[in-house]
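Visitor: Can you keep this structure in mind? I'll have questions shortly.
Every number in this text was worked out from the coordinates using simple rules, so none of it is lab data. Note that the structure is predicted; figures quoted are calculated from it, not measured. Note: ideal-geometry Cβ built from the backbone for every residue, glycine included; neighbour counts use all protein chains shown.
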Amino acid sequence: MGLLNKIFKKAKTDAVFETTSPNGRLVITFVLSRGEMFYSVAKDGKPVVHNSRLGLNLRDSASLDRGMSVVRAFTKQKDETWEAYWGEEHFIRDNYTETVIYLEEVIKPARLLTLRFRAYDDGVAFRYEVPAQPLMSKMVITDELTEFAFNSNDRSWSINAYQPDRYEYCYLEKPVFELRDSVHTPLTIQTTAGFFVAVHEACLYNYGGMNVKMNNRALQADITPLSDGTRAHVSLPFNTPWRMLIVADSAIELTTSRLMLNLNPAPREDFSWVKPIKFLGIWWAMFVGEWTWAPSDRHGATTEHAKEYIDYCERLGIPGLLIEGWNDAWEGDWLQNGVNNKFMDPTPDFDMDEVCRYAREKGVEIVGHHETVGFIDNYERQIDDAYKYMLEHGVKYIKSGYAGSHMMINDKREYHHSQLGVMHYQYALELAASYGIMLDVHEPIKSTGIERTWPNLLTREGARGQEYEGGALSPSHTCFLPYTRLLAGGMDYTSGLFDVCNPTKRVATTITRQIAYYVTIYSGMQMAADRPRFYEENFPDLFEFIRNVPVSWEKTLPLMGEIGKYYVVARQAWNRSDWYIGGVTDENGRRIVLSFDFLEEGANYKAKLYRDSDDAHYRDNQLGHVVEEIVVRKGDRLEIYMAPGGGFALEVRKM
Ligand code: NOJ
Ligand code: CA
């Protein structure tokens, strides 16, 4: 490890350490003041986070927050570029300055604590590391004292924590001082000095998820409690997750940060077997009441329907098919009865062997489905066999679900985002990795970037998705997501609903916006969520975009937008020269001017634009759309209209 910075010969209870980002603009300062620990963050010399407290409260011994002295400290620098297996960016630069500060209590028992600070150009991060030590081998953490002291009237966007539908809420704008109820991270803040900040965490293992809420003077970490009221039970050595802050000059710049992934370690094994995928589903037909999850004369997951959908996959060029409602889990009140869900027992009208044989013959991947309803005890008793059962049938993708307001773990009600919830998701993920299974987790634990280390976690839901269409979604929702939830990575939004005028589930978008989502909402598994007859028969012109759009990206260039109002992003296909650009707007129509500065000099590109018609509207003319072809070159500009609740998608291929 690099440079020895300072060595202190005797106990030092007052000290200041600054860690400065490689470009010199961001500084995170650690202050030890009479043995108490604080940090602050500044950009261009202007405060972003004021002096904020650090420390841990413990159940079985005094809190680790005072009486500290600096024993020694190191700084080091890193500048490396790593290659992802899939994602929004193929090559990611990891460039930071790090300061490690070793602390020891001045008086007995002289416990040890290490603080690690990092400053990147796009944000800062720090974590607590409690080493193995003679007088402490375990800790029960009752509170994390970490503060984030913003100005009380800085603007913020967030969703509340501890809600029955977990992360599935619409974003609310509030001044920071109004965050008296805990909110989930990422929490997005616009500071009075004009910076855009996202408070989040990275590398969440074996600990409760961090929420934040106002204490008397500042936002404070609120680690999701266990049913015993404590926050985490851990053995030493133990590192908390990274507490991270993306700090950007604009809202759109926030979305370019790769800080969260950089704070997670590279995988220990080879994951080149992982493949992002697009898939159809025996799914939306249940939401619109055409079919049912449970066996009935309208049962969705029958052998016949599955084969019909496999044929659609083949004809439409969509490589995967999700089948929900295939197992013994859906009879009666499925949310209550989930305690008995069986993960190896197909319904009588679903011949798993035959469906999977047919899928193999047609070269279609089945995406299996495990709805646990949060009954973890029941699921963990079966999960090993249930994964093997899928593999025996050639199924390598699984969508899992954790519906319900709580989990049942060790016969107790626990929060999904508690330490025990986090540990379950991790167990399921690592077991899946050992079997070569890829996951799409619904009702997940939020992403903290662990998919860098576990790339078989291809996507998650973890926000309000299109299952809420039909009344509970407005066009602004997907204009908030890029600046909030999606800062934490991919989301299975279940895009591609073409039956937008359906009277049972009316979709609050234009039809064009549904294809824009494949670019504006990144996901390592992208669903084409509607019934395939709407793709093949009704709108083959728009479906062409879904067939062509990649699921993984060489580069991502967010172009313009404002939180909750609009968002436009260009992405280059993984290992290819073609580009896909998507835009979405809120309830207001909007004209934007796209500059093709990102194209290669001297080349001609054929561009296919899918846009709202001039009279389209998400309320009364959802289907109005235009598809047109043009030729573009680097430096060209193109004016594009997005209707109220609409959007556009553009495919740009080198000629
Ligand atoms: C909620 C999931 O988000 C949805 O996709 C799934 O169909 C239902 N649970 C049933 O498992
Ligand atoms: Ca859900």
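Visitor: Where the centroid of each part is defined by its Cα atoms, how far is region 588-644 from region 277-345 in Å?
Guide: What the calculation gives is 36 Å, centre to centre.
Visitor: Do any of K78/K565; K446/K555; K278/K505 go past 32 Å between their Cα atoms, and which?
Guide: K78/K565
Visitor: Place +1 on the Cβ of every Lys and Arg and -1 on the Cβ of every Asp and Glu in region 520-655, take the dipole about the Cα centre, and give the residue among G602, P644, I592 whose Cα lies farthest towards its positive end.
Guide: Checking the options against the dipole of region 520-655, the answer is G602.
Visitor: Another question, if that's okay. Students often get this wrong: which residues of region 602-617 have the backbone nitrogen under 16 Å from the point 7 angstrom along Cα-to-C-beta of R591?
Guide: Answer for this model: 612-616.
Visitor: Over the chain, what relative contact order in percent results from Cα pairs under 8 Å that are six or more residues apart?
Guide: Details: 1751 pairs, mean separation 69.8, N = 655.
Reported as a whole number, the value is 11 percent.
Visitor: Here's a follow-up. Over region 501-655, what is the relative contact order in whole percent, taking alpha-carbon pairs under 8 Å and six or more residues apart?
Guide: Details: 358 pairs, mean separation 46.8, N = 155.
Result for region 501-655 is 30 percent.
Visitor: Here's another thing I want to ask about it. So what does log10 I(q)/I(0) come out to for region 468-655 at q = 0.11 Å⁻¹, using the Debye formula with one equal point on every Cα and no solvent?
Guide: -0.42
Visitor: OK, next. Subtract the Cα-Cα distance of E304 and R59 from 0.36 nm times their separation in residues, and report this length gain in nm to one decimal.
Guide: Gain in length upon complete extension: 82.4 nm.
Visitor: How big is the Rg/Rh ratio for the chain, C-alpha atoms only, Rh by Kirkwood, two decimals?
Guide: 0.98
Visitor: Of N327, H369, F343, which is farthest towards the positive pole of region 267-462's charge dipole, taken about the Cα centre with +1 and -1 on the beta-carbons of Lys, Arg and Asp, Glu respectively?
Guide: Of the options given, the answer is H369.
Visitor: Looking at region 221-318, which trypsin sites (Lys or Arg not before Pro) are DSSP coil and have at most 15 other C-beta atoms within 10 Å of their C-beta?
Guide: Working: sites: R231, R243, R258, R268, K278, R298, K307, R315; in loops: R231, R258, R268, R298.
Counting only loop positions with at most 15 other Cβ atoms within 10 Å, the trypsin sites (Lys or Arg not before Pro) in region 221-318 are R268, R298.
Visitor: Let me ask you something else. Calculate the dipole size of region 468-655 relative to its Cα centre from +1 charges on Lys and Arg beta carbons and -1 charges on Asp and Glu beta carbons; express the result in debye to the nearest 20.
Guide: 340
Visitor: Still on this structure: Sticking with the crude label model, points 7 Å out along Cα→Cβ, report the distance from E354 to I107 in nm, one decimal please.
Guide: Taking the two extended label points, one gets 7.8 nm.
Visitor: Count the net charge of all other residues whose Cβ sits under 14 Å from the Cβ of N538, scoring Lys and Arg as +1 and Asp and Glu as -1.
Guide: Computed value for this residue: -4.
Visitor: How long are the three semi-axes of the equivalent ellipsoid for region 200-272, computed from the Cα gyration tensor as the root of 5 times each eigenvalue, in whole Å, largest first?
Guide: Rounded to whole Å, the semi-axes are 25, 23, 9.
Visitor: Using the alpha-carbon centroid of each, what span in Å lies between region 397-435 and region 460-523?
Guide: When both Cα centres are located, 25 Å separates them.
Visitor: Now, a different point. Can you pull the Kirkwood radius for region 210-342, inverse mean 1/r over Cα pairs, to one decimal in Å? Numbers along the way, then the final one.
Guide: On the way: mean 1/r = 0.0486 Å⁻¹.
Taking the inverse mean of 1/r over all distinct Cα pairs, region 210-342 comes out at 20.6 Å.
Visitor: Just from its helices, what would the mean residue ellipticity at 222 nm be for the chain, if runs of 4 or more DSSP H residues each count -39500 (n - 2.57) and the sum is divided by every residue, rounded to the nearest 500 deg cm²/dmol?
Guide: -4000 deg cm²/dmol
Visitor: Over all pairs of distinct alpha carbons, what does the Kirkwood formula give as the hydrodynamic radius of region 114-213, in Å?
Guide: Evaluated over region 114-213, this radius sits at 15.6 Å.
Visitor: Let me test this: with uniform point scatterers at the alpha carbons of region 2-262, what is the Debye-based log₁₀ I(q)/I(0) at q = 0.12 1/Å?
Guide: Calculated log10 I(q)/I(0) at the listed q: -0.73.
Visitor: Still on this structure, please answer the following. Under a Cβ-only charge scheme (Lys and Arg +1, Asp and Glu -1), can you give me the dipole magnitude of the chain about the Cα centre, in debye to the nearest 20?
Guide: Charge dipole, the chain, about its Cα centre: 2760 debye, nearest 20.
Visitor: Treat the count of other C-beta atoms within 10 Å as a stand-in for reagent exposure and order S474, S523, S296 from fewest to most.
Guide: By the 10 Å Cβ count, ascending, the order reads S296, S474, S523.
Visitor: Also, I was wondering about something else. Fewest Cβ neighbours within 10 Å first, please rank W82, W291 accordingly.
Guide: The fewest-first ordering by Cβ neighbours comes to W82, W291.
Visitor: Apply 1/(1 + (r/R0)^6) to the Cβ-Cβ distance of L135 and R72, taking R0 = 25 Å, and write down the FRET efficiency to the nearest 0.05.
Guide: Efficiency at R0 = 25 Å is approximately 0.80.
Visitor: Using the number of other C-beta atoms within 10 angstrom as an exposure proxy, rank M210, M344, M525 with the fewest first.
Guide: M344, M525, M210
Visitor: Just round it to a whole percent: the fraction of Cα-Cα distances in region 385-453 exceeding 17 Å.
Guide: 45
Visitor: Which of the aspartates and glutamates could a cross-linker bridge to K46, judged by Cα under 19 Å and excluding same-chain residues fewer than eight apart?
Guide: Answer for K46, where 19 Å is the Cα cut-off: E18, D121, D122, E147, D154, D249, E253, listed by chain and number.
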